[in-house]
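Every number here is computed from the coordinates shown, using simple stated rules; none is lab data. Nothing here was measured: the structure is a model prediction, and the numbers come from that model. Cβ placement follows ideal geometry from the backbone for every residue including glycine, while neighbour counts extend to all protein chains displayed.
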Amino acid sequence: RDERYNRLTKEHVEYFKSILPKDNVICSLDDSEETKKELLKYNIDWMKKYRGQSQLVLLPTSTDEVSQCLRYCNENNLAVVPQSGNSGLVGGSVPVFDEIIISTKAMNKIIDFDDVSGVLTCNAGCVLADLEAYVEERGFMVPLDMGSKKYCCIGGNVSSNAGGLRYLRYGSLHSNVLGLEVVLANGQVIDNLSKLRKDSTGYDIKQLFIGAEGTLGIITNVAISTPRKPKAVNAVFLSTDSWENVQAIYKTAKEHLQEIISAFEFFDEDAYSLVKQHMQLQVPLKEENKFYVLVETHGSNKQHDNEKLHSFLEAIKTSNVAREGYVSKDDQQTRSFWIIRESVPVACSKNGAVFKYDLSIPIAQIYDVAIYMRKYLKEANVYRPGDETSEVINVAAYGHIGDGNIHINISCKSYSEEIANLIEPEIFYWTRDHNGVISGEHGLGLMKGKYLAISKPGSMIRIMESIKNILDPNYIMNPYKYLPKKRITRLSD
Ligand code: FAD
Ligand code: 2HG
Ligand code: ZN
């Protein structure tokens, strides 16, 4: 713990109680077992890998309350962790020590929806699935979709620069977020809640907060562009026996489905074996295979899309690159295909512990990382498939192939430093040596901050540090993460 930060006192808590509604200050200084239990939900992450010991959670209900909380923390040297749905996978959303948690979950109102431009403006604490339901009723869709949608919030999505399942079609939050309102560490409110698609007037300051993981300020409101809900949706579930075939299917999909392709996802046999073992799902397959691919299209004309789909399937048949293939008959079946893919990260967590990697690598080499890690862990004698005493149980690979983003999930019975130190930084160096970066969409958090220099040159890190110094000179925002003092330096620097 960095002793420059003050420890929480009763006087601090009294101040927060004076500015926030009574139920929105959860504090365990009074030693009540019930509040300790309640606080645990905020102190521990989704993977149960990271656990802090915060004694205080604040749930402000307005931008002004966030501003008052931060101003006080800044003046009193109290470290802060912003939190939304707490579904982050890099240990960024929970405290490392006793930082105060400021959750935006009580700020969950939709402010405005413009059905001409499709711009949705809402509080940062709105749950992604709720936003999806809201715009869907009006004929639109949120451009971001992911397995955690029922609990993650838009402020957390923006702060982690989340990618998700339809990035291939709808693009990144750097392009879909049009405006943000942010409260800086000193309580100053930055009103950049623009609803304009184009703006060439000066530096685009809001971009700094997209992917800043709560290190520069707290996002309080978001304006996001939402596309029209597709009138025609098709999904195809394929299996195949080689990585070369997965790539061939991808090329064929891009060629034949071009403007209507909305997702191209894959998972391998190791990932599928965990889904089979832990999830009770109906899978439309006669035989098992090495790779599974989910292709989806979004369009506005069913007949046109069906014709394109037909030519895609014909090309797949002719080139004989798939072993089995199923086309969804209706929305319900499309959803059932997606559930299989979305349940992979959940299945990977069921053995007790899972080390998750989220790598962005050129598509041609992307699967080599899975092959390499299996070999590496076998040679280290910690991965012994078939042996019940093996420390590593499974090395699953899956992800967003269309975006060049792979997830490697290494399942173990329990978390151990030994396994962590064996995998890291090895997997990150392998990624760098194959022209990739150590995070495609989950971010740095506590897990990868110290490895940032593997993916970014010193010159860029120094600019990041300068920005941090300007916006949060007392370093109260999400300390120990993202840009920590101790870093593994890049070999070439
Ligand atoms: P949190 O976990 O609460 O916070 C994430 C980070 O943002 C933290 O550093 C936190 O301090 C900061 N933060 C939170 N709110 C604010 C705010 N208002 N202002 C400033 N900083 C803030 N991620 C993907 O990219 N793609 C996926 O497909 C995907 N699928 C997932 C599936 C599952 C089953 C799970 C468990 C996670 C998945 N994730 C995925 C990871 C995670 O859901 C995303 O990172 C999500 O965007 C986090 O949102 P959250 O509201 O839970 O944020
Ligand atoms: C996904 O693509 C998510 O399903 C989660 O990004 C990945 O848990 C993971 O490693
Ligand atoms: Zn993902």
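Quick look at the numbers
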| read-out | value |
| --- | --- |
| Cα coordinate range in the range 346-403, projected on the principal axes (Å, largest first) | 36, 26, 15 |
| Dimensionless Rg/Rh of the range 298-402 - Kirkwood Rh, Rg from C-alpha atoms | 1.07 |
| Neighbour-count ranking [beta-carbon atoms within 10 angstrom, fewest first] of Leu193, Leu168 | Leu193, Leu168 |
| Cα centroid of the range 137-169 to Cα centroid of the range 223-281, whole Å | 17 |
| Label-point separation, Lys37 to Asn381 (7 Å along Cα→Cβ), nm | 4.6 |
| Two-decimal log10 I(q)/I(0) for the chain, as the Debye equation yields it once each C-alpha is a single scatterer, q = 0.08 Å⁻¹ | -0.51 |
| Value of [θ]222 nm, deg cm²/dmol, for the chain, DSSP H segments ≥ 4, -39500 (n - 2.57) each, nearest 500 | -10000 deg cm²/dmol |
| By average C-beta atoms within 10 angstrom, highest first, the peptides 377-388, 346-357 | 346-357, 377-388 |
| Size of charge dipole - the chain - debye, nearest 20, with Cβ of Lys, Arg +1 and Asp, Glu -1, no other charges | 340 |
| Long-range HN-HN contacts of Phe140 with modeled amide H, under 5 Å | Lys229 |
| Derived scalar couplings ³J(HN,Hα) [the range 312-317; Karplus, 6.51 cos²θ - 1.76 cosθ + 1.60; whole Hz; x for Gly, Pro] | 4, 5, 4, 5, 5, 5 |
| 10 Å-binned pair-distance histogram of the range 351-442 (Cα, whole percent) | 17, 52, 27, 4 |
| Pair Glu307, Asp433: separation of 7 Å Cα→Cβ label points (nm) | 5.1 |
| nm² value of the averaged projected area, convex hull over the Cα atoms of the range 232-345 | 6.6 |
| Equivalent ellipsoid semi-axes, the range 74-177, via Cα gyration tensor eigenvalues times 5, rooted, Å | 27, 15, 11 |
| Equivalent-ellipsoid semi-axes of the range 110-225, from the Cα gyration tensor, Å, largest first | 21, 16, 14 |
| For the range 174-187, Karplus couplings with θ = phi - 60° (6.51, -1.76, 1.60), whole Hz, Gly/Pro x | 4, 9, 7, 7, 9, x, 9, 10, 9, 9, 7, 3, 8, x |
| Rounded to whole Å, sorted largest first: equivalent-ellipsoid semi-axes of the range 26-136, Cα gyration tensor | 28, 17, 12 |
| Karplus-derived 3J(HN,Hα), 6.51/-1.76/1.60, for each residue of the range 297-310, Hz, glycine and proline x | 10, 10, x, 10, 9, 4, 5, 4, 5, 5, 5, 5, 4, 4 |
| Linear extension gain, Glu14 paired with Glu244, 0.36 nm per residue minus alpha-carbon span | 76.5 nm |
